[in-house]
1. Could you check the range 45-57 and list, in sequence order, the residues that are under 17 Å from N99 (Cα atoms) and either in a loop (DSSP other than H, G, I, E, B) or touching a residue at least 60 places away in the same chain (Cβ under 8 Å) (or both)?
2. Is it the case that K57 is at pLDDT 95 or above, under 20 Å from C12 (Cβ atoms) and not hydroxyl-bearing (S, T, Y)?
3. Identify, please: which residue in the range 1-44 is more than 21 Å from G113 (Cα to Cα) and part of a helix (DSSP H, G or I) and is, among those, nearest to the chain's Cα centre (by Cα)?
4. Collect the residues in the range 58-102 that are buried (at least 19 other Cβ atoms within 10 Å of the Cβ), touching a residue at least 60 places away in the same chain (Cβ under 8 Å) and either under 18 Å from K41 (Cα atoms) or not charged (D, E, K, R) (or both), keeping them in residue-number order.
5. Hey, can you tell me all the residues within the range 1-45 that are charged (D, E, K, R) and farther than 18 Å from V111 by Cα?
6. Quickly run through the range 62-103 and pick out the residues that are among the hydrophobic types (A, V, I, L, M, F, W, C), out of contact with any Lys or Arg (no Cβ under 8 Å at 6 or more places or on another chain) and outside any loop (DSSP other than H, G, I, E, B).
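The values are calculated or read from the model by the stated rules, or taken from the named source; none is laboratory data. Just so we're clear, the structure is a prediction, and the values are computed from it rather than from any experiment. Cβ placement follows ideal geometry from the backbone for every residue including glycine, while neighbour counts extend to all protein chains displayed.
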Amino acid sequence: MSKTIIYHNPRCSKSRQTLALLEEKGESFEIKEYLNEVPSKEELANILRMLGIPAEKLLRRGEAIFKEEYKGKTLTESQWIGAMIKHPKLIERPIVVKNGKASLGRPPEQVLGIL
């Protein structure tokens, strides 16, 4: 059985709620604070495959950096992934990964489906 990983931002309430839910369920997990420990291009592409969504769907469009640099632009999958690596604030959070599956904790209860 693989370890559960949560891509976490401690300043985000949904991320904190998802973390608390994992603790409540007795889940053993590793925390990756993705703003400090930015995922590699391969890691992010793999997460997107597990989520079953294109990179553009994982973007936080409300972030200032998105509005300033990317709003209205059409980028390739690889370019969107590159943008999220360059500006990890653009990555929607939290993401929980377990046993080759991933789930976005929006709402936090959504991650229960992969535990």
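1. Narrowing the range 45-57 to residues under 17 Å from N99 (Cα atoms): 45-52.
Within the range 45-57, just G52 meets the criteria.
2. Working: at pLDDT 95 or above: yes; under 20 Å from C12 (Cβ atoms): yes; not hydroxyl-bearing (S, T, Y): yes.
Answer is yes for this residue.
3. Applying the filter and picking the extreme gives E43.
4. Result: I91, R93, P94, I95, V96, V97.
5. Taking the range 1-45 as the starting set, the residues that turn out to be charged (D, E, K, R) are 3, 11, 14, 16, 23-25, 27, 30, 32-33, 37, 41-43.
Once the filter is applied, which keeps residues that are charged (D, E, K, R) and farther than 18 Å from V111 by Cα, the range 1-45 yields R11, E37, K41, E42, E43.
6. Of the range 62-103, the ones among the hydrophobic types (A, V, I, L, M, F, W, C) are 64-66, 75, 80-81, 83-85, 90-91, 95-97, 102.
From what is left, the residues that are out of contact with any Lys or Arg (no Cβ under 8 Å at 6 or more places or on another chain) are 64, 75, 80, 83-84, 95-97, 102.
Across the range 62-103, the qualifying residues are A64, W80, A83, M84, I95, V96, V97, A102.
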